[in-house]
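Below is one structure, written out as structure tokens; the observations come after it.
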Amino acid sequence: MEQALAIQSSAQKIYKDKAIRVGTFIGGPLVAGYFIAENFKAFDEPDKARKTWIYTILATIVIFGIAFLIPGNDRSGEFIMPLIYTWTAYYLVIHYQGANITSHINAGGQFYNWGRVILVAVIGLAILLAALFIIGYTAATITSNELIKTYGTAQSEVLFDKTNISATEVDKIGHAFVDNGLFASSTKIFTYAKKSGSNYEISISCNKTVTTNPQVAEAFTQLRTNMQKNFPQNKIIFNMVVGSLDNVVKRIE
């Protein structure tokens with residue numbers, strides 16, 4: 001009863017449920033959080049306003065995390081995701097603020113006009129797009145640091161991070177692989193080169209026979225020994241990997 005009286009006597013403006021739905025669709029989940037939090041403030045519920053912001057930020061991270069996982073050629077997510085978070089926001093408004101909004105209407109309370117709703121939505125959209133641009137630019141910059149050089153008739157690959165090891169050094173490694181037979185075969189080989197101090201660590205994609213077949217293991221051991229002659233100032237280390245760079249099944253040094 002006291003809360004209802006407080007709402008009836010409040011001169012503060014609030015956002016209508018339909019305005020929140022339209023603004024959310026235009027501006028995204030952060031705008032929805034803003035509208036809902038502002039209403040809670042008008043209803044003298046600051047704790048709920050603070051919690052709204054926490055949930056909004058977490059939900060936004062989840063929503064756009066899912067969006068980034070959707071394949072680029074699948075454009076359905078561009079239409080489905082806005083509908084999902086728009087109607088979710090509308091449901092939450094009706095569920096948690098519907099009674100208070102009705103009381104506000106019955107008490108002759110004021111509402112923010114559509115001009116303000118659209119302005120807030122556009123500002124929210126601009127902030128969201130700027131954040132996405134920064135994330136995308138950062139990711140592209142990180143990815144661009146990784147380069148691939150190919151060698152031999154099979155165009156075997158050496159992947160490397162140009163901020164860790166120079167292209168000149170990678171060329172020496174690639175040509176040494178050609179000279180010592182690994183890149184001279186007709187089978188395409190995938191490797192990753194990095195520099196640890198003065199050491200060259202080279203991950204070589206293989207299968208598990210390197211751990212079960214002594215002859216295969218010995219062949220790579222001999223290859224490393226021969227490679228070492230090309231790099232008297234740098235220790236050569238082979239990481240034999242299966243499936244991913246993290247899955248090192250054998251280390252030869």
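The values are calculated or read from the model by the stated rules, or taken from the named source; none is laboratory data. Computed from a predicted model, the values in this text were never measured in an experiment. Note: ideal-geometry Cβ built from the backbone for every residue, glycine included; neighbour counts use all protein chains shown.
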- Message: Looking at the structure I just gave you, is Ala11 over 23 Å from the mean Cα position of the chain (by Cα), surrounded by fewer than 18 Cβ atoms within 10 Å (Cβ to Cβ), modelled with pLDDT under 95 and in a helix (DSSP H, G or I)?
- Response: no
- Message: Checking the structure you have, find out if any residue of segment 184-193 is in a helix (DSSP H, G or I), surrounded by 14 or more Cβ atoms within 10 Å (Cβ to Cβ) and over 29 Å from the mean Cα position of the chain (by Cα).
- Response: no
- Among the residues of segment 16-37, is any out of contact with any Phe, Trp or Tyr (no Cβ under 6 Å at 6 or more places or on another chain), hydrophobic (A, V, I, L, M, F, W, C) and at pLDDT below 90? no
- Task: Go through segment 194-230 and count every residue that is touching a strand residue (DSSP E or B) at 6+ places or on another chain (Cβ under 8 Å), in a helix (DSSP H, G or I) and small (Gly, Ala, Ser).
- Result: 1
- segment 148-172 - residue that is part of a loop (DSSP other than H, G, I, E, B) and not polar (S, T, N, Q) and, of those, surrounded by the fewest Cβ atoms within 10 Å (Cβ to Cβ): Lys162
- Return the total of residues in segment 111-134 being over 35 Å from the mean Cα position of the chain (by Cα) and surrounded by 13 or more Cβ atoms within 10 Å (Cβ to Cβ). 2
- Flag for Phe238 being among the hydrophobic types (A, V, I, L, M, F, W, C) and in a strand (DSSP E or B): yes
